Amino acid sequence: METQPPNTGRLRIAAVVCASAVIATSFGATSASAATITADGDQIVGPLVTETSPFQGAPAFSAPSPGAAGQDIAANRAATLAGALDRAVDWYLPAPGGIATVSPVSAPGLCLTAGTATAGINSRVTLETCVDGDVDQQFSLASNQGSNNPIGTGLRSERNGGFLGLYNNDPVMRLQVKEIGDRIPNIADFLPAFRARVDSVDALRRVARLSGRGTPGAQVLVNGANPVTIGADGTWTATLGNLAFGANTIRLEQYVGAERTGQATLTANLVADQLTFTATFSPVRDTPVQASGTAQPGASVQLRDAAGTALGAAVTANATTGRWSTTIPAPNASGPYPVTAVQSLAGLADTAHAVTRTVDYGAAVVVDSPTDGAPHTGGPVAMSGTGEPGSAVEVHDVSGGGDRIVGSSVDGVLPNGRWTLTTDDLDRAEHVLRVVQHSRGANTTTAEVTINPGSTGRLAPVVLTSPQSVTPGLANTFRGTAEPGATYRVLNGSGTQIVPGNLTVAADGTWEFERVVSAGATSFQFKIEQTKDGQTETSELFSIDANRGLAPVVVTTDAVIPGFVNTFDGTGPAGATYEVLNASGTPIVPGTHTIGEDGSWSFDRLVSAGSLNFGFKLRVTVDGATYTTRLFDLPAATR
């Protein structure tokens, strides 16, 4: 059956930086010579039998068996060695040349204890709870040379020098003086006890270094694999890599051939040095935040954001001091920014001891004016908003995929968080203005506004709507549409102004001017130069063919009678319409009138009393062409 683990007070604990060993032992019942042990000092293990000289027919061999603490050790006498071995149980004994405790494998927490200061026929020996360093529990293997019993190796007490054995026909074991000391007849069959311990843990490489003792030539399996052969001197060493952080359980087994003759369980603790992390802003605005601290010397340190994304490349802590430093890539965002530092040993992240610091990059840039979608008639744009005090602010025109700096704030963001600037001149087109704020820690935030959304920036095109032809020798009227409110000039093909003055396009976008077309001309050409908000554009060259001419307007009335409504008669182009105007071009007869199919026309008009004459002219429209006649001046009739 499987034995209980030994008393931890007797265990050797491997105490090294970042490592500890907790060792459990057991003994398999497959062989009386199979056992594990990790007590202080080298030990051997096997079935304990003693031999004395025959006395009055009493059996000469013993097979000591453990009992309760404080009780005598039962001898379990046998007449032959074979009979004793049949009854024997395994005990831990000191290795040759060493001093150690003696314990039954079934109860390794109990130690053989000398009951008296001197050996003799009444020197009791019992099992007591093991106590480190107690000389009463210290034994060694020694020759009983000079004894009157069979000579060989016996088990001797370091307290009183007595040998474990039998006295006369007593049923219990005693500690006898050397002269009658017993021997252990099968001592040559004892095997070295299997021992294991953690010597050290290399935290950086995550490797545990193990060592121990066992049966020469046997194999030791580490966690069921990685066999190691025990040397001729009974010692072995091994390493185990890929340790996890915290407690790592290591199972060790000793095999002689296919037979497991020993086992042990160790615990190696992998604990990295504490990671520290501080984040420091530089007084230089465009310098990234400095991250620094200490870690396990030689460890890899990686910064990560809240989503776990790596921030920059990992750095290696100093192999001696453990110090590390790097910079934090700016998030190009505002406000608190959590940054986590994680150290890794041989590729394994120590996430349980990661350190998070919050880096506050302050306020983002905000544009208050102009508002998104605001109109702009051309020229510089006054802009203002808020941001992080101490930051620099500039404006980029990113319209159409471009990127051109068109302004910057002289003072940057003031202590009150406000900024202002004026851009370069911008035309009437749509402009996407990106405001860029450069803040401490090399952080950048942006905000965008669009002015004149959808606008091409050009003035409304000049369109000629009439006439379709011009009448040579007369003042023709030209009409069309253009940019509302723009001023315009009428130019010939060479760019010379041919209509005096600067005219204005009406609010509804219409324009009109009169110009005499030379008699005999076959066409009339002109273009319009319009200007608004400092932007000037010139239309295409319009070319209008001349018609074949129209019947002239003739007035047949010779004179007027002042103080009466007079009828005015005449002839003109059949089917044309006309308006009656005064000398200034103002209509003086309501409505538009039509010249008859016979070419005659007439209208009535009161002539003021006392007038000496009456002048008028007709504005005639025919086939879309409009022209104005000369001024007809009729004298007053005299009586």
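The values are calculated or read from the model by the stated rules, or taken from the named source; none is laboratory data. Computed from a predicted structure; not experimentally measured. Note that each Cβ is placed from the backbone with ideal geometry, even for glycine, and that neighbours are counted across all protein chains shown. Ligands, DNA and RNA are excluded from the accessible area calculation, which covers all protein heavy atoms including side chains. Shrake-Rupley method; radii C 1.70, N 1.55, O 1.52, S 1.80 Å.
Please give the FRET efficiency for Arg548 paired with Glu430, using the beta carbon to beta carbon distance and R0 = 60 Å, rounded to the nearest 0.05.
Taking R0 as 60 Å, the efficiency between Arg548 and Glu430 is 0.75.
Using a 1.4 Å probe over the heavy atoms of the protein chains, calculate the carbon and sulfur portion of the accessible area of segment 86-191 as a whole percent.
Carbon-and-sulfur percentage of accessible area, whole number: 48.
Just subtract the alpha-carbon distance of Thr536 and Thr276 from 0.36 nm times their residue separation and send over the number in nm, one decimal.
The span from Thr536 to Thr276 would gain 86.9 nm if fully extended.
Can you work out D for the chain in µm² s⁻¹ from Stokes-Einstein, where Rh is the Kirkwood radius over C-alpha pairs, the temperature is 37 °C and the viscosity is 0.692 mPa s?
Once the numbers are plugged in, D ends up at 89 µm²/s.
Select from segment 506-577 those chymotrypsin sites (Phe, Trp or Tyr not before Pro) which occupy a DSSP coil region and have at most 13 other Cβ atoms within 10 Å, ordered by residue number.
Phe564
To the nearest 10 square angstrom, what accessible area does Ser282 show with a 1.4 Å probe?
30 Å²
Could you tell me the accessible area of Val463 in Å² (1.4 Å probe, neighbours in place), rounded to the nearest ten?
The accessible area of Val463 comes to roughly 60 Å².
May I ask you to work out the translational diffusion coefficient for segment 336-422 at 37 °C, viscosity 0.692 mPa s, via Stokes-Einstein with Rh from the Kirkwood sum over Cα pairs, reported in whole µm²/s?
Answer, rounded: 202 µm²/s.
Provide the gained length on full extension for the span Ala319 to Asp411, in nm with one decimal, where the gain is 0.36 nm per separating residue minus the Cα-Cα distance.
28.5 nm
For segment 454-495, which whole percent of the accessible surface, found with a 1.4 angstrom probe, sits on carbon and sulfur atoms?
Answer for segment 454-495 is 52 percent, counting heavy atoms of protein chains only.
Can you figure out the FRET efficiency of Asp86 with Ala354, using R₀ = 51 Å and their beta-carbon distance, to the nearest 0.05?
Using R0 = 51 Å, I get an efficiency of 0.25.
Keeping all protein chains in the complex and leaving out DNA, RNA and ligands, what accessible area do you get for Ile544 with a 1.4 Å probe, in Å² to the nearest 10?
10 Å²
Keeping the other protein chains in place, figure out the carbon and sulfur percent of the accessible area of segment 323-395, with a 1.4 Å probe.
Exposed carbon and sulfur together represent 52 percent of the surface.
Excluding residues fewer than 8 places away in the same chain, name every one of the aspartates and glutamates whose C-alpha is closer than 12 Å to that of Lys527.
The qualifying aspartates and glutamates are Glu537, Glu540.
For segment 381-534, state the semi-axes of the equivalent ellipsoid (square roots of 5 times the eigenvalues of the alpha-carbon gyration tensor), sorted largest first and rounded to whole angstrom.
Semi-axes (√(5λ), whole Å): 51, 13, 12.
Taking all protein chains together and a probe of 1.4 Å, list His353, His396, His593 from the most accessible to the least accessible.
Result of the area sort, largest leading: His353, His593, His396.
Would you list Tyr578, Tyr167 from the most to the least accessible area, probe 1.4 Å?
Largest accessible area first, the list is Tyr167, Tyr578.
Restricted to Cα positions, what overall size does segment 321-382 have along the principal axes? Three whole-Å values, descending.
65, 20, 19
Could you report the chain's accessible area per residue, 1.4 Å probe, as an integer in Å²?
Per-residue value: 45 Å².
Under 19 Å from a point 7 Å along the Cα-to-Cβ line of Ala636: which residues of segment 562-598 have their amide N that close?
562-568, 583
Within segment 520-550, what residues put their amide N at less than 14 Å from the label point 7 Å along the Cα-to-Cβ vector of Thr487?
What the label zone holds, given the 14 Å backbone N cut-off, is 529-537.
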